[in-house]
Amino acid sequence: MALVTYVPNLSRNRLQQLIRSGHVKVNGVVATKTGFRLDGGEAVEIFIPAPIPSTLKAEPIPLEIVFENSDLMLINKPAGMVVHPSAGHGSGTLVHAALAHAPDIMGVGGEIRPGVVHRLDKNTSGLILLAKNDAAHNALQAQFKKREVEKSYLALVDGRPPTPEGRIEAPIGRDPGHRKKMKVLPPGKGREAISVFHSLESFPQHTLLEVNPKTGRTHQIRVHLAFLGCPIVGDREYGQRKVTLPVKRMFLHAAALTLTLPGDNRPRRFEAPLPSELETILERLRRN
């Protein structure tokens, strides 16, 4: 999209919304297709409507901020916190808390999910990235799209994978029998999904894995590990209904992110320690 190059302060999604809503003209004619081809020399006009007041309200919820600058925030999200407002979650989300800390993120990347670059499941803890302006949001999303961001998760699973390390390439899509769940689908169906894993510690009935998802499909790590025959401990949706260890949440933690900060030229790695309730489970397994 040519507009991304010439209007870098607006995200690709925002520009597409403006085109679809008739706010972009080419040589005086409204452009209604985001894929409109320019030959060169055209006069392009962009009309940015006045912002509509948002119904989102800041909530003074404490946040553990791992890193922050004028472009972004890296937050260590606790398990149980929803990332952005959705049906049944109109308050108490990470977005509500972030607005209290950095009010300027309002409207960045969209009204409902301001600042959100990527997401974590409600019951997954760990690092999540929020952009503080449209230029940073656009740059960070581009890194994710190009698979330049390295994500590292810690997962304790039931049983053990067939090999100590491996690469799972299995397409993921909606489960035809359960529309709220995802599932590994036959070749040609679903979307490409790739996860790389290696074992960190082995126990008689469990294995601690480091997992690096190379794509970002919904519930990808949970679905892939269950497909491999070693579901995540505490994952009642894709794993065993009867929890095999005394854990009240899923044992999945976004432990590290490696990315290039806007304006920098080299990647940086950020880490979040394993939460105490998960560390306690590991200590128990080591003692036994």
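We did not get these values from a lab; they are worked out from the coordinates using the rules stated. Worth saying up front: this structure is predicted, and the values here are computed from it rather than measured. Using ideal geometry, Cβ is built from the backbone for each residue, glycine included, and neighbour counts are taken over all protein chains shown.
Worth pointing out:
- Given +1 at the Cβ of Lys and Arg, -1 at the Cβ of Asp and Glu and no other charges, the dipole of the chain around its Cα centre is 1020 debye to the nearest 20.
- Solution diffusion estimate, µm²/s, Stokes-Einstein, the chain, Kirkwood Rh from C-alpha pairs, 10 °C, viscosity 1.306 mPa s: 76
- Nearest-20 debye value, the range 53-146 charge dipole, Cβ charges on Lys, Arg, Asp, Glu: 280
- Furthest towards positive pole of dipole, A226, L154, F251, structure part the range 105-261, Cβ charges: A226
- Candidates per GluC sites (Glu not before Pro) in the range 88-192, loop by DSSP, up to 13 other Cβ within 10 Å: E148, E192
- Exceeding the 25 Å Cα-Cα cut-off - candidates K122/K183; K33/K57; K189/K242; K151/K242: K33/K57; K189/K242; K151/K242
- Residues of type lysines that K146 reaches as a straight line, Cα spacing below 19 Å, ignoring anything fewer than 8 places off in the same chain: K214
- Calculated [θ] (222 nm, deg cm²/dmol) that DSSP helices of n ≥ 4 give over the chain, each run adding -39,500 (n - 2.57): -5500 deg cm²/dmol
- For the range 155-235, size of Cβ-based charge dipole, Lys and Arg +1, Asp and Glu -1, in debye: 560
- Amide H contacts for V196 (H built 1.01 Å from N in the peptide plane; partners 5 or more residues away or on another chain; cut-off under 5 Å): I168, N212, K214.
- Once the Cβ-Cβ distance of V44 and K146 is raised to the sixth power relative to R0 = 25 Å, the FRET efficiency obtained is 0.45.
- The peptide list 16-23, 122-129, put in order of mean Cβ contacts within 10 Å with the highest first, becomes 122-129, 16-23.
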